[in-house]
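Enquirer: Structure below; questions to follow.
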Amino acid sequence: MRDLVKMVVVLTVICSASGLVLSYVNEATKEPREYQLLKYVKGPSIKAVLPEGYENDPITDKIVFKMGTDEKGHPVEKTIFPAKKGGKIVALAYDSAAPGYHGNIAVMIGVDLEGKLTGVSIMTHTETPGLGARVEEPQFTQQFAGLTLSEELNLSTRGGRIDGISGATLSSNGVVNAVRQALEQFPKIKEEVL
Amino acid sequence: MGVAKEFTKGLWKEVPPFRLVLGLCPTLAVTTAAENGLGMGLATTFVLVCSNFIVSLLRSIIPSKVRIAAYIVVIASFVVIVELTMQAYFYPLYKVLGIFIPLIVVNCIILGRAEAFASKNGPVLSIADGLGMGLGFTLSLTFLGALRELLGSGTIFKHAVLGPSFEPFAIMLKPPGAFICLGLILATMNLISTRKS
Amino acid sequence: MSEYWLLIVSAVFVNNIVLARYLGNCPFLGVSTRMDTATGMGMAVIFVTTLATAITWFVRKSLLEPMGLEYLQTIAFILVIATLVQLVEMFLQKSIPALYRALGIFLPLITTNCAVLGTAVLAVENEDFNFMEGLVFAFASGVGFSLALVLLTGIRERCAVAPIPKHLQGMPVGLATAGLLALAFLGFIGMVH
């Protein structure tokens, strides 16, 4: 009986000590972990879509606010990565997603304060390798720079200025839709950020 | 004398993945480059030294019936600490080592040292034992990593060594290369040991 | 149904847990000297892997995730597996003594078999898997482990009577054999994406 009590007590003490230490380490590393995740997962895309010559670290200066709700009615957090020059915001980067041929295509867009695209980069997708996956290629994404939310921002088959990937209309259109959705949010985001 | 002896035995006589064939999964899996082997080795050494230290401090109060469970909790806690720290400060390495970081917890070397050494010896000797075994493990992994990196990509620690005319053996970076390289290292060590004696 | 078949072929052959994913190498090389122990170990791993994945799935989805404690996953999973192995051992000893005699001595070794923990982590962290797919994946991974183990044992039993140079005997030639086996399994790449 005494052995049993001792066993339970020792194990409980060890487990609670471990839980205490770990929750402390978890708290202490929370911020750097979030920063590293953004830096390595979204960082390359952010750098690719913002215009050159900004002087800050867009990830450190990130702005987070709540915007709209999802299907279940929970508020959605939107994270904006601003590019600053001389202390003033000159452009914004943020992500968006829309369905392609197979699953969602997540894109990062860069946009200046007039709502003109400075760049588009594909972050994640599950399109067909060698076909729809070619939306990742710069030849495709470079076409977006300089466009605004207008008729021009459409596939050329629909009267716009984007040449889709041949044989992958749904994937190409998914990217266009994701970019359009992002730009539709722009007026509200600009208001919130400035 | 005692401390030095416990420390040095892990470096040649009982060097973990080569002599005691233990902890093979990380040895084979992450050694596609010297840098990855070094990272994995150091992470394992940290867990090994810390768990050896704690286990030896607690050795008289842990009832023998639940000792394995207690050791596992101690080891797993340090593994989680390593996991969180690497994620926060060494993200690229964290990504490369991937699932093998949480799997440090089932590395037989660590539980083996807790059971065979730390549970019977004092804290100082246990730290020396952990450090020696850990460093032996780290050196072995770095060596195997360097060998596979050299043959598989023609570089060591990402520095080009063999020059542009060298055609890399891509197979060395794949599982068959890992098994065969380790097998040849073990055979060489057998050869050296018999020559010595 | 066909996607389950693809999943099984992928886990057994293409991404074989030992020969392509580098998991469970200690028992793979440690118990591959005699056929009867190898089959016993294989059966025990299939059984425990499947059961462990089912339980850790619920631990992750209904305990850790709702409470925001994902960072405790490693510690929770290894405790679940250690307890599970202990319970299975006790249960078999009481209820199915024949099976216990066959598997008994391998069960304690399974706690530190990274194929079990590794499969559970791979199955639970894969966001494309639902519960059933995770379970099928775990079972097929166990089968893949057993297949690799039995194949290697068959070859090593023959190596034992072959005239092999002294310094290569035992582990070195075992590793080289495992390497050739892994080379053969590379041939399955591309069969299933």
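The values are calculated or read from the model by the stated rules, or taken from the named source; none is laboratory data. Everything quoted here is computed from the prediction, not taken from an experiment. Neighbour counts are summed over all protein chains in view; Cβ atoms, including those assigned to glycine, are modelled from backbone coordinates with ideal geometry. For the accessible areas, the whole protein counts, side chains as well, though only heavy atoms, and no ligand, DNA or RNA atoms are used. Shrake-Rupley method; radii C 1.70, N 1.55, O 1.52, S 1.80 Å.
Enquirer: Looking only at segment A:89-147, filter to residues that are of a type in the set (S, T, N, Q) and outside any strand (DSSP E or B); which one of those is surrounded by the most Cβ atoms within 10 Å (Cβ to Cβ)?
Expert: First, the residues of segment A:89-147 that are of a type in the set (S, T, N, Q): A:96, A:104, A:118, A:121, A:124, A:126, A:128, A:139, A:141-143.
Next cut, outside any strand (DSSP E or B) only: A:126, A:128, A:139, A:141-143.
Working: A:T126: 14, A:T128: 15, A:Q139: 9, A:T141: 20, A:Q142: 11, A:Q143: 18.
Ranking the qualifying residues of segment A:89-147, first place goes to A:T141.
Enquirer: Search segment B:83-101 for residues being open to solvent by less than 10 Å² (accessible area, probe 1.4 Å) and touching a residue at least 24 places away in the same chain (Cβ under 8 Å), and hand back the single one that is nearest to the other protein chains (Cβ to nearest Cβ).
Expert: Among them, the one singled out is B:I101.
Enquirer: Considering each residue of segment C:156-193, count those that are within 22 Å of C:T39 (Cβ to Cβ) and surrounded by fewer than 16 Cβ atoms within 10 Å (Cβ to Cβ), and give that number.
Expert: 6
Enquirer: OK, next. For B:T31, all conditions in the list (1) over 14 Å from the mean Cα position of the chain (by Cα); (2) buried (at least 21 other Cβ atoms within 10 Å of the Cβ) hold save one; what is the number of the exception?
Expert: Only one criterion in (1) over 14 Å from the mean Cα position of the chain (by Cα); (2) buried (at least 21 other Cβ atoms within 10 Å of the Cβ) is unmet by B:T31, namely (1).
Enquirer: Take segment B:57-77 and flag every residue that is more than 8 Å from every other protein chain (Cβ to nearest Cβ), open to solvent by 70 Å² or more (accessible area, probe 1.4 Å) and not hydroxyl-bearing (S, T, Y). Break it down into steps so the answer makes sense when it comes.
Expert: Here is the first cut: in segment B:57-77, the ones more than 8 Å from every other protein chain (Cβ to nearest Cβ) are B:57, B:59-60, B:64, B:67, B:71, B:75.
Within this subset, residues satisfying the condition of being open to solvent by 70 Å² or more (accessible area, probe 1.4 Å) are B:57, B:59-60, B:64, B:67.
Answer for segment B:57-77, where residues must be more than 8 Å from every other protein chain (Cβ to nearest Cβ), open to solvent by 70 Å² or more (accessible area, probe 1.4 Å) and not hydroxyl-bearing (S, T, Y): B:L57, B:R59, B:R67.
Enquirer: Somewhere in segment B:26-41, is a residue away from every other protein chain (no Cβ under 14 Å), in contact with a Pro (Cβ under 9 Å, 6 or more places away or on another chain) and in contact (Cβ under 8 Å) with a residue 12 or more places away in the chain?
Expert: Yes: one or more hits.
Enquirer: Across segment B:162-197, what is the total count of residues that are of a type in the set (K, R) and more than 7 Å from chain C (Cβ to nearest Cβ)?
Expert: So in segment B:162-197, the residues of a type in the set (K, R) come out as B:174, B:195-196.
The next check asks that each one be more than 7 Å from chain C (Cβ to nearest Cβ); those that pass are B:195-196.
Selection size over segment B:162-197: 2.
Enquirer: Let me ask you something else. Somewhere in segment B:135-143, is a residue open to solvent by less than 50 Å² (accessible area, probe 1.4 Å), among the small types (G, A, S) and not in a loop (DSSP other than H, G, I, E, B)? Quick ask: steps written out before the conclusion?
Expert: So in segment B:135-143, the residues open to solvent by less than 50 Å² (accessible area, probe 1.4 Å) come out as B:136-138, B:140-142.
Narrowing further to those that are among the small types (G, A, S): B:136, B:140.
In the following step, the residues that additionally are not in a loop (DSSP other than H, G, I, E, B) were identified as B:136, B:140.
The answer is yes; a qualifying residue exists.
Enquirer: Could you tell me which numbered condition B:I104 fails, if it satisfies all but one of (1) in contact (Cβ under 8 Å) with a residue 40 or more places away in the chain; (2) not in a helix (DSSP H, G or I)?
Expert: Of (1) in contact (Cβ under 8 Å) with a residue 40 or more places away in the chain; (2) not in a helix (DSSP H, G or I), only one is false for B:I104: (2).
Enquirer: Now for a separate question. State which residue is surrounded by the most Cβ atoms within 10 Å (Cβ to Cβ) when the search covers only segment B:1-25 and only residues that are within 14 Å of chain C (Cβ to nearest Cβ) and in contact with a Leu (Cβ under 7 Å, 6 or more places away or on another chain).
Expert: B:P16
Enquirer: Determine which member of the set C:E127, C:E133 is open to solvent by 70 Å² or more (accessible area, probe 1.4 Å), more than 9 Å from chain B (Cβ to nearest Cβ) and not aromatic (F, W, Y).
Expert: Numbers: C:E133 fails: open to solvent by 70 Å² or more (accessible area, probe 1.4 Å).
The conditions single out C:E127.
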